[in-house]
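The values are calculated or read from the model by the stated rules, or taken from the named source; none is laboratory data. Please read all numbers here as calculations on a predicted model, not as lab measurements. Don't worry about glycine lacking a Cβ; one is built from the backbone with ideal geometry, like all the others, and counts go over all protein chains shown. Note: areas computed on protein heavy atoms with side chains; ligands, DNA, RNA excluded. Shrake-Rupley method; radii C 1.70, N 1.55, O 1.52, S 1.80 Å.
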Amino acid sequence: MAKKTYIQAITDALDIVLEDDPKTLIFGEDVGKNGGVFRTTQGLQEKYGEDRVFDTPLAESGILGLATGLGLTGWRPIPEIQFMGFSFEAIDQIAGQEARMRFRFDGTKTAPVTIRTPYGGGTHTAEMHADNLENFFTGVPGLRVVMPSNPYDAKGLLISSVENNDPVMFLENLKLYRSMKDDIPDGKYTVPLDKAKVAREGNDITIVAYGAEVNEALKVADSLAEKNISVEVIDLRTVSPIDSETIFKSIEKTHKVVIVQEAQKMAGVGAQVASAIAEDAVLSLDAPIGRVAAPNSVYPFALGEDIWIPRAKEIEEKVNEILNY
Amino acid sequence: MANKPIVDFEAIKNNLSNVSKPIQVLNENAEVTDQDIFDSFSDDDLVEFMKKMVWERALHEQTMNFSRQGRMGFYAPTEGEEASEMGTVLAMKKNDYLLPAYRDVPQLIQHGATITEAYLWSRGHVLGNKFKARSMMPQIIIGAAYDEAAGVGLGIKKNGEKDALAFTYTGDGGTSQGDSYEGMNFAGAFKAPVLFIVQNNGFAISTPRAKQTAAPTLAQKAVASGIPSVQVDGMDILACYAVAKAARDYIVAGNGPVMIETLTYRYGAHSSAGDDPKRYRTKAEEQPWFDKDPLIRLRKILEDKKLWSEDQEDKLVDEYKASFKEAIKEADSAPEDKVSDMLKRTFEIPTPEMKKEIAKFEAKESK
Ligand SMILES: Cc1ncc(C[n+]2csc(CCOP(=O)(O)OP(=O)(O)O)c2C)c(N)n1
């Protein structure tokens, strides 16, 4: 057990899957000697060699096509897209090819690819480096989308993703990379895919969140606890599919819900959560579904982020509004 | 300013057109233009090449018939491209991987898929994709196969397979896709064993080759990736085979990828869905290509050698067509697909939501 950052937890997971399965391969732009632009793959090429951890030419469609072909020939690729905004370049290989491989071939050929990529705002990066694009991918049947909110889950979920025989988009929150540390067990452990976590138990209201916003929701829960309001926080962890059972169970108890996402209101997965509740659990509620999201502008330039990304203050306002409905 | 320009761009551009003649062994008058290569083929080889082209032409005719009867789904005609398709695929070995485009179904069958499976693929039945051959299904997204071929090639190399490579196909239009370049560039950078084949049949649906690119040849599009490439007479099966075979030998020796551009022609429509080539080309443009028909020239050689006769060919065509009729009957008896199965084959481990949907559809389907 050691205190580790989100990045260190991910490096840990990659080290374990490389060690465990000689068929795993890490590749992408600058992942080798440089250890990735964030040093997520630091030391891995040294340890496992250039055959297992290697730099590619600079072309996202090529990187993901390489992954498809390697998957077809028995390898377990873990490609990196340097920033999620660059995944537009690879949409066909991800959504058009890998996500439908098992379906096409009735399971006789599959694409066991785990695509790692950083996303998310708040670090004042250049344009196209921070956008929350999860909803591009949650709309793709045959693809899982995983978004860990903390270092412990990041490690366990990444190992589960790599071991999964279907493609996974593994989205790493840029802001969390170095701003958060957890006690991380040494060695291998897994966190299950497709399963949300009750990050904090409570009775008065449920907040459903994912990614960096889970931590904002937890802050709100702390702050409201001082006023004797008990908030339950659900961390989706896998955002496609959504674990609706865990959400329903919570709102049967609290009867109130606020859904929080970092992405613009029209993006993200909040609408999907709201629709699941409206379809199957609306009678558990005694107030409207509350939503907190970024406004529907184009993703702001660096200096606009701080006023644009919803954080604890906006969440607390919305929670109070729904509580007082 | 000096009078002499610092760079003579026009000269550089003209130099791009300074390309060697496409490789040929047998010209359209059935004259041998490369005796050495011609002599390397036995009589049996020549007969085998002819049989394959007759088979592909018969497959095309019968499939068009089925199509007119409403018994096919998507079908991309192959008439005219027999030399290019059969010539290249005959250079493949069983352990090679094939990454075909939608017009490359005959190669997929040669590589191990059954005709029944090909028909089921055309109709859109999942059983059409469960062939045992080392192959992707025919790719619809133009360019995608080139990217994937780089990965397959690298996979083969990493697996330590010495006598194997990836064969992949695209059309003249396909060379305009960024993915085509990315695939060649990746394969070049990784020295991956891949043979990239461009079947230049003159048109991408209705867009002529001349409007596709200002590059004088499509073959030279490989140059920027550091990959050797050549143009081949795509109506000459002997040349197509000889070049593909030479490329394969070169690639499996560990030299990295090769690109071949075959100059061929699609006689009919782009697909059987009803587009009409009369809208974008004239009889006068088509006729010279019909005159170059790959079957005519090899037939003449074989007849001169008394290795072939009209009777023999008619008998073969009848046999082939009978086998296609058998195959479509077999395809007719494929079980209907079920929604519950579609859900089951989406993920190895169905999601909780899917489990509910599966149960719902299974209940419906058992009624
Ligand atoms: C990415 C993509 N864009 C467009 C199409 C539609 N389309 C299908 S075939 C075709 C023309 C392709 O021409 P070419 O590559 O020359 O191959 P050919 O059909 O002549 O064999 C087009 C535009 C497609 N299938 N995929």
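General remarks:
- Averaged over the residues of A:157-163, the number of partner chain Cβ atoms lying within 10 Å of the residue Cβ comes to 0.
- Solvent-accessible surface (1.4 angstrom probe) belonging to B:GLU319, in square angstrom, nearest 10: 110 Å²
- Buried solvent-accessible surface, both chains (B, A), 1.4 Å probe, Å² to nearest 100: 3300 Å²
- Mean shadow area of region A:2-184 over all directions, Cα convex hull, nm²: 9.4 nm²
- The eigenvalues of the Cα gyration tensor, multiplied by 5 and square-rooted, give region B:29-142 an equivalent ellipsoid with semi-axes of 28, 17, 11 Å from largest to smallest.
- For region B:141-177, a drop of 20 Å² or more in accessible area on going from the chain alone to the assembled protein chains (1.4 Å probe) is found at B:ILE141, B:ASP147, B:GLU148, B:GLY151, B:VAL152, B:LEU154, B:GLY155, B:LYS158, B:ASN159.
- Accessible-area order (highest first, 1.4 angstrom probe) of the listed residues B:MET92, A:MET147: B:MET92, A:MET147
- Inter-label distance, nm, simple model (7 Å from Cα along the C-beta direction), A:ASP186/B:ASP332: 7.0 nm
- Relative compactness, region A:197-324, computed as alpha-carbon Rg over 2.2 N^0.38 Å: 0.98
- Taking only protein heavy atoms and a 1.4 Å probe, the accessible area of region B:17-335 is 51% carbon and sulfur.
- Reduction of at least 10 Å² in accessible surface, 1.4 Å probe, comparing all protein chains with the chain by itself, residues of region A:94-109: A:GLN97, A:ARG102, A:PHE103, A:ARG104, A:PHE105, A:ASP106, A:THR108, A:LYS109
- Sorted largest first, extent of region B:128-191 alpha carbons per principal axis (Å): 34, 33, 13
- Portion, in percent, of the accessible area of region A:197-324 that falls on carbon or sulfur, probe 1.4 Å: 52 percent
- Rounded if a/c under 1.5, otherwise prolate or oblate - region B:282-341, Cα gyration tensor axes: oblate
- As a fraction of the 1.4 Å probe accessible area of region A:1-108, surface on carbon and sulfur atoms comes out at 48 percent.
- Rounded to the nearest 10 degrees, the angle from helix A:244-254 to the longest Cα principal axis of chain A is 20 degrees.
- Computed [θ] at 222 nm, helices only, for chain B once each DSSP H run of length n ≥ 4 contributes -39500 (n - 2.57): -14500 deg cm²/dmol
- Region B:195-294 - convex hull of the alpha-carbon atoms, volume per residue in Å³: 107 Å³
- Using only side-chain charges placed at the Cβ, +1 for Lys and Arg and -1 for Asp and Glu, the dipole size of region A:2-184 relative to its Cα centre rounds to 260 debye.
- Convex hull volume per residue for region B:22-91, taking Cα atoms only, in Å³: 109 Å³
- Put a dot 7 Å past the Cα of B:LYS94, heading toward its Cβ, do the same for B:GLU31, and the two dots end up 4.3 nm apart.
- Trypsin sites (Lys or Arg not before Pro) restricted to region A:207-278 and DSSP loop, no more than 11 other C-beta within 10 Å: A:LYS227
- Per the Kirkwood formula applied to alpha carbons, the protein assembly as shown shows a radius of gyration over Rh ratio, Rg over Rh, of 1.05.
- Partner chain coverage, peptide B:125-136 - average Cβ within 10 angstrom: 3
- For region B:307-351, a decrease in accessible area of 30 Å² or greater in the assembled protein chains relative to the isolated chain, with a 1.4 Å probe, applies to B:ARG345, B:THR346, B:PHE347, B:GLU348, B:ILE349, B:THR351.
- The residues of the protein assembly as shown have, on average, 41 Å² of accessible surface per residue, using a 1.4 Å probe with all protein chains present.
- Rg over Rh [alpha-carbon atoms, Kirkwood Rh] for chain A: 0.97
- Only DSSP H runs of four or more residues enter the estimate; each adds -39500 (n - 2.57), and after division by the residues of chain A the mean residue ellipticity at 222 nm equals -9500 deg cm²/dmol.
- Chain B: translational diffusion in µm²/s, Stokes-Einstein, Kirkwood Rh over Cα pairs, 25 °C, 0.890 mPa s: 111 µm²/s
- Stokes-Einstein diffusion coefficient of region B:191-243, Kirkwood radius over Cα pairs, 20 °C, 1.002 mPa s, in µm²/s: 170 µm²/s
- Alpha-carbon centroid distance for the pair region A:102-155 / region B:116-165, whole angstrom: 25 Å
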